[in-house]
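Since every read-out is calculated from the coordinates, none of them should be taken as a lab result. Owing to the predicted nature of the structure, the values given are computational and were not obtained by experimental measurement. FYI the Cβ positions are ideal-geometry reconstructions off the backbone, even for glycines, and counts take in every protein chain you see.
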Amino acid sequence: MSSKPSSSAARRTFLALSCIAPVFSVAPAHAQQSDGQRVLGGVTVSDSAIDEQPGRKLESPKRTRPVLDTPQTITVLSSEVIEQQNLLTLRDVLSTVPGITFGAGEAGTGPGDNITFRGYSAANDITIDGVRDSAQVTRTDPFNLEQIEVTNGANSVVSGAGSTGGNINIVSKRPKADDAYVATAGVGTDNYYRATVDLNKRVNDLVAFRLNGMWHRNDVPGRDVEDYKRWGVAPSVTIGIDSPTSLTLQYFHQEDDNVPQYGVPYYSGTVPGVHRSDYFGYRNVDKQRINIDQMTAIFDHAFSDTVSIRNLARWQDSRQLTVVNPPQGTYCLTTGVTPTGGSCGTVPAGYYQPSGPRGTTRDIRNQLLFDQFDIKAVFNTGAIEHTIDLGGSATWEKYDLNNGNSLRNADGTSVTLPLINIDNPNDVVTGPTGFTYGSNLYTGPVNFIRTGHTLGEQTNVAAYLFDTMKLGKLELSAGARIERNVGTTRADTIAASTTSTVTQGQVTPGTETRSADTLFSYRVGLNYKPVEAVSLYAAYGNSRTPSKNSVNGSCTTAGENGATTSTCNVNPESAQNYEIGAKAELFDGGLLLTAAAFRNERDKYAVISGDPAVPNQQLDGKSRVDGIALGASGKITPDWSITTNYTYLKSKLLQSVSDYCLANPGAVTGTRTCTNTPTNPNPGAGQYLTQTPKHSASLFTTYRLPFGLTLGYGFTYQGKFLLSAAVPATATAAAVKAISSDDYLIHQGFLSYDFSPNLSAQLNVKNIGNKLYYQRIRNNGWATPGDARSAVLTLTAKM
């Protein structure tokens, strides 16, 4: 096993790449000219993204063409659309994007944005300004957000390792050239209070300053205990605004104090007697505290209309402390059986005995250093026009986790938890004698006993080249990326209490594991433009996912978890994306229409080998998702705007076991770990993938009337999907339904009125029909009720 790369070595790699910018700045480079650019001193320079038409320009310098001419399905949600719908978390925003679902927060990993994208996990595929954001936190506010770019399909070539189903890029606000001052204040149901400011000031010819701030609190609609409280500030300054050379400095700080959302018990459906508002954790113990600090420096220099360089450097420190009590335990219904029909044991009817991951505590710190350098150029080779981006990046990340339990006696021993009434968990409801009864107000001892300490470190160094070649009405876009990804993890165990062999707090060092991979990813697309406003394209790309894809993750070595489960020496998993589509701009570019048919094929993913002679997992797993995506965004008329999307996904599990187990099905014997059987040699083959709805759609549209009133309506539809894997293809409809979610359709209303050009009021009503539905479902565990009906009134003042 190789030794762990030191922090100093990682930082040296980072600093070396940071120095590339001055080296290249003495050589010519090229920059693409686009709409909204300004000419100063003979050099064309771009305005900030806020001055572009919302939803049409992509933030990354790797994107050499606008959305219309990029041969891939990309959904862009502008800050205007997000604010009109009053979407307040990343989860809220992405819930309006068809093809994305959210998994339940596991007690072992804590709450966070557990995203599934077109059938595949995307929890590690979130970037901010193109920089990987690995922190497993709940991203809770859009106050400093310019737009969100959702790229569909395998996308490692742009966003790096992973991105099997796609990538989600959050674009931060930056200073703009013209003065603008915006302040909002909102009140609503469920103790909703919110205030924001967005102040942009052109200080002089060269300097512009922008300040974004937010204070927010609200109870989760329809829930008794869960709430959000947060504040944030994001100042930024650009030196050289509207100049060929500029430096933008940004700082971001946000603090959250939330109650974790684990919802209600869920066993192939809700438990009889449970209400949507009930809280099954401990309301005086549970917490989620998040603290994020981020500093970014962006240097741009344009040598001419066709030459530019850019360097982005970032430091980030994210911390999250969680204490959670998921609603797990033995539930005895009033009928005297458990929700699954089993025996209640000693638990009396109508009560539940809390158990499982109660009191789980995780104190996490993620640190990041990142640098990326790009050269952009436009030039001709004969009749072919090239628009290229050549660049490289270096990333260093560190993960530090202290975990344990807070519901312990001082000596580290476990506490005895009282029974709680299912119908009324808020109060102590006594039942048969001989038992101790309690409520969701915990009255026992609270002592944090640390039981583990995990350290992870990850470095990534990458180089890439993108080129769009234009010849008449044809455009060929190609990109390639090579990267070296190295990660280490060490998990120490700590004695919770004193025994005959250990003393409380004694540390047993874990074995350090290491994963090192060289990844090559690529994408190519051919675009035909019969007219300027239409693109017809076909594209192909891949993704590569290493065993340790995130600084938070780890790999295993032989002997740790059985003889055939080692992952540290397994080659990266791979996936392919095939796509054909069409895009068109109508009404003088006001409306963008998109349509695509695609296949996402995960052709090599790791499964247990089952062969005692082969300790490493094997890349024999296979699955695929075929689909159709339709979308429309923009303005049909100057007064009528629309954002709508529909996605159809037909997913299929092709192979869930190794080739060895497929050829040798049978019972486990000795170290042999094949769990398939001769009657079911390929468990789940032919079945749908989990968390992958066949149909999903969303709509939000507004119409402005002549007298200052704007009316709007929206809906979100989520089709049903499987919650558990490895279901036989021959399973009955009833068996499949028992492990499937329900579909849901929710409606929202919008109304705004302009009192003057500088003062307006906006009313949002969400879930108009007060529909009861569930998200983030962990079958045979818990599920989160969707927000109940709520209303918010917001006043906006502009100067």
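Here are the numbers:
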item	result
Neighbourhood net charge (12 Å Cβ-Cβ; Lys/Arg +1, Asp/Glu -1) for Pro638	0
Helical contribution to [θ] at 222 nm, DSSP H n ≥ 4, -39,500 (n - 2.57), averaged over the chain, rounded to 500	-1000 deg cm²/dmol
Proportion of all alpha-carbon pairs of segment 524-614 beyond 15 Å (%)	71
Set of aspartates and glutamates with alpha-carbon distance to Lys529 below 13 Å, sequence-local pairs under 8 removed	Asp69, Glu475, Glu585
Between helix 7-18 and the chain: long-axis angle, C-alpha atoms, 0 to 90°, nearest 10	20
Burial ranking of peptide ranges 220-229, 371-380 (average Cβ count within 10 Å, highest at the top)	371-380, 220-229
Segment 339-465 shape via C-alpha gyration tensor axes, a/c threshold 1.5	prolate
Cβ crowding within 10 Å averaged over residues, with 350-359, 660-669 ranked highest first	350-359, 660-669
Cut-off 20 Å (backbone N to label point 7 Å along Cα→Cβ of Gln506), residues of segment 442-459	449-454
Ranked packing of 481-493, 166-178, 248-260, most packed first, by mean Cβ within 10 Å	166-178, 481-493, 248-260
In sequence order, calculated HN-Hα J values of segment 317-324 (Karplus, 6.51, -1.76, 1.60; Hz; x Gly/Pro)	9, 10, 10, 9, 10, 10, 10, 10
Summed side-chain charge close to Tyr660 - residues other than Tyr660 whose Cβ falls under 10 Å, Lys, Arg +1, Asp, Glu -1	-2
Dipole of the chain [Lys/Arg +1, Asp/Glu -1 at C-beta], most positive-end residue of Thr64, Cys661, Leu419	Cys661
Under Karplus coefficients 6.51, -1.76 and 1.60, residue-wise ³J(HN,Hα) of segment 357-369 in Hz, glycine/proline x	x, 6, x, 4, 10, 9, 10, 10, 10, 10, 10, 9, 10
Three-way shape label, segment 670-787, alpha-carbon gyration tensor, a/c 1.5	prolate
Net charge contributed by nearby residues that have their C-beta within less than 11 Å of Lys720 (K/R +1, D/E -1)	0
Debye, to nearest 20: dipole size of the chain, +1 on Lys, Arg Cβ, -1 on Asp, Glu Cβ	900
Geometric extent, Cα atoms of the chain - Rg, Dmax (angstrom)	27.0, 91
Sorted by Cβ neighbour density within 10 Å, fewest at the top, the residues Ser156, Ser554, Ser79	Ser79, Ser554, Ser156
